[in-house]
Amino acid sequence: MKKKILKRSYTAIVFVGLVLLSILINKYLFATLFLIFTIISLTEFYILTEKRGFKPQKKYGISIGALIFIISFLHFNEIIAITWYLILIPLFVSLIISELYRKKEHTFRYIAFTIFGIIYIVFPFSLLNYMIINPFTNNEFSSVIILSFFALIWINDTGAYIIGSNFGKHKLFERISPKKTWEGSAGGVIMTLILSYVLSLFFDELTMPQWIILAIIISVFGTYGDLAESMLKRRVGVKDSGTILPGHGGLLDRFDSIFFAAPMVFVYLKILEKLV
């Protein structure tokens, strides 16, 4: 048990350290690291679907996913125009056409899982590229929003785990995730709100009420993201999405909260950007 805890701790330190360093050094290192994370996470997703007997177009899906991430980074940093996204239209059409030549059963299921993996994983990761700039100061590089996003995600997960482990009695969603409780979820929300208040004291990118709303969005949709990934693993019949992180499982297991939280935070920040 002690070795397991140490393994988890070492992995967590290295993983968090990599993410923080990539953010603090520069946006190009961040983009490179998260492009790698995107490719690995999408690969894990396709491997999970294969365990259920489906045959997604892994290479095609991963290639399109990587391109979407790169275009998003370049667009949000005003290096290329938004019209570059148009290249994705013929690529998605080609994906469907190529299925004609694979001679597989359940063709449209394979297409659906290939595209769903891109929507579920690649789009949220791509939207993180928007958070590494400060949309309220002429899109200059800034680590405040993205660091705050990850800090709020992590404190929500940590608070839910600590409170749920010690005081959890009422199941939140037993059919999907038997260990999650309402008490744990409430603990995560409270700790996230406290951190958002602290952030508002030091950073003026958002007002205090805006920081609070950001915390609520992350807590609610981060929890749903966690539940969605638990549902996926339960349907497949596996405990972890992969083995790349000793003691923690796969990257999908570490980023599950982000897949729902990032798109909702993106929408929220875009609304605030328009109001400035």
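Checking the Cα-Cα distances for Lys59/Lys239; Lys51/Lys233; Lys55/Lys233; Lys180/Lys270 against a 20 Å cut-off, the pairs over it are Lys59/Lys239; Lys180/Lys270. Only Lys, Arg, Asp and Glu carry charge here, each on its Cβ (+1 for the first two, -1 for the last two); on that basis the range 2-275 has a dipole of about 1400 debye about its Cα centre.
Taking a ≥ b ≥ c as the square roots of the eigenvalues of the Cα gyration tensor, the range 91-192 is oblate, since a/c reaches 1.5 or more and a/b is not larger than b/c. Shown here: percent of Cα pairs over 25 Å apart, derived from the displayed model; of the candidates (i) 42; (ii) 49; (iii) 57, it corresponds to (ii). Listed values for the range 124-130 are Karplus-derived 3J(HN,Hα) couplings in whole Hz (6.51 cos²θ - 1.76 cosθ + 1.60, θ = phi - 60°), namely x, 4, 5, 6, 5, 4, 6, and x replaces Gly and Pro.
Each Lys and Arg Cβ is given +1 and each Asp and Glu Cβ -1; about its Cα centre, the range 1-135 then shows a dipole of about 840 debye.
Computed from label points 7 Å out along Cα-Cβ, the spacing between Arg102 and Tyr197 is 5.2 nm.
Is the shape of the range 1-156 rounded, prolate or oblate, going by the alpha carbon gyration tensor and its root eigenvalues a ≥ b ≥ c, with a/c under 1.5 for rounded and a/b larger than b/c for prolate? Oblate shape, in that a/c is at least 1.5 and b/c is the bigger or equal ratio. Taking every DSSP helix (H) stretch of at least 4 residues in the chain, weighting each as -39,500 (n - 2.57) and dividing the sum by the residue count yields a mean residue ellipticity at 222 nm of -24000 deg cm²/dmol. Across the range 196-208, computed HN-Hα scalar couplings (Karplus, 6.51 cos²θ - 1.76 cosθ + 1.60, θ = phi - 60°) run 5, 5, 4, 4, 5, 6, 10, 10, 9, 4, 10, 6, 4 Hz from first to last residue, x flagging Gly and Pro.
Read-outs throughout are calculated quantities, based only on the coordinates presented, and are distinct from any laboratory measurement. Note that the coordinates shown come from a computational prediction; the quantities given were computed from them, not determined experimentally. Here Cβ is always computed from backbone atoms with ideal geometry, including for glycine, and neighbour counts include all displayed protein chains.
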